[in-house]
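Report on one structure; see the data block that follows.
The values are calculated or read from the model by the stated rules, or taken from the named source; none is laboratory data. Just so we're clear, the structure is a prediction, and the values are computed from it rather than from any experiment. Note that we place each Cβ from the backbone using ideal geometry, even for glycine, and neighbour counts take in every protein chain shown. Note: accessible area is taken over every heavy atom of the protein model, side chains too, but ligands, DNA and RNA are not part of it. Shrake-Rupley method; radii C 1.70, N 1.55, O 1.52, S 1.80 Å.
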Amino acid sequence: MDEMMTAVEKKQRYADVAKEIAAVIDGEDNLIARMATVSNILHHAFEHYFWTGFYLVDPNRPGELVIGPYQGSLGCLRIPVEKGVCGTAAATRQTQIVDDVHAFAGHIACDARAQSEIVVPVLTASGELIAVLDVDSDQKAQFDETDREGLECIIKACFS
Ligand code: SME
């Protein structure tokens, strides 16, 4: 992680990013446009982000998540629901923080450099799961409760 960034600074950065995202997507109702904006702004705001993007629920294949807008190296196209960190977040509808992806049973290594990650479920206002937001770092143990709060807040504001 950015060694210079304290928890207070990180919290402030999330608040600033949330405002920037809200300003850019204001009035835009297309889901892909909103997701592209969220992944782009987040990815460039934090040094500990290595891969940042969405996996969407695919109505044509209910057992799988399919790649959505993202930033970073080439992502896997599909992830079975309940497999990997993304699948677990989708199946449980709970944010997953993994300090060491190599110690996570069923982890899907789209890029061997990924070491730790956080995955936040994306729910509509009516509680329907539409996607997950996956953020990976190329160093271990880079995501904490400040990331969880910041990301959950942004996801709720943008998609609920
Ligand atoms: N690490 C994820 C797979 C997706 S990518 O790393 C882009 C997982 O295990 O769910």
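Quick one: length gained pulling ILE130 to GLN12 fully straight, 0.36 nm per residue minus the C-alpha distance?
Full extension from ILE130 to GLN12 adds 39.7 nm.
Placing a label point 7 Å from the Cα of GLU20 along the Cα-to-Cβ direction, the residues of segment 35-55 whose backbone N falls under 20 Å of that point are 35-54.
Distance between the 7 Å Cα→Cβ label points at LYS140 and ALA45: 2.9 nm. Note on surface exposure: HIS43, HIS48, HIS102 rank HIS102, HIS43, HIS48 by accessible area, highest first, 1.4 Å probe.
In the structure shown, the pairs LYS19/LYS156; LYS83/LYS156; LYS10/LYS156; LYS10/LYS140 are assessed against 21 Å; a Cα-Cα span above that value is assigned to LYS83/LYS156. Averaged per residue, segment 75-160 has 45 square angstrom of accessible surface, using a 1.4 angstrom probe with ligands and nucleic acids left out. Pop out the carbon and sulfur fraction of the accessible area of the chain as a percent, whole number, probe 1.4 Å. The C+S portion of the solvent-accessible surface of the chain is 52 percent. Computed extension length for ILE32-SER160: 44.6 nm, one decimal, from 0.36 nm per residue of separation with the Cα-Cα distance subtracted.
Per the helix-only calculation at 222 nm, which mean residue ellipticity applies to the chain, given -39500 (n - 2.57) for every DSSP H run of n ≥ 4 and division by its residues, nearest 500 deg cm²/dmol? It lands at -12000 deg cm²/dmol.
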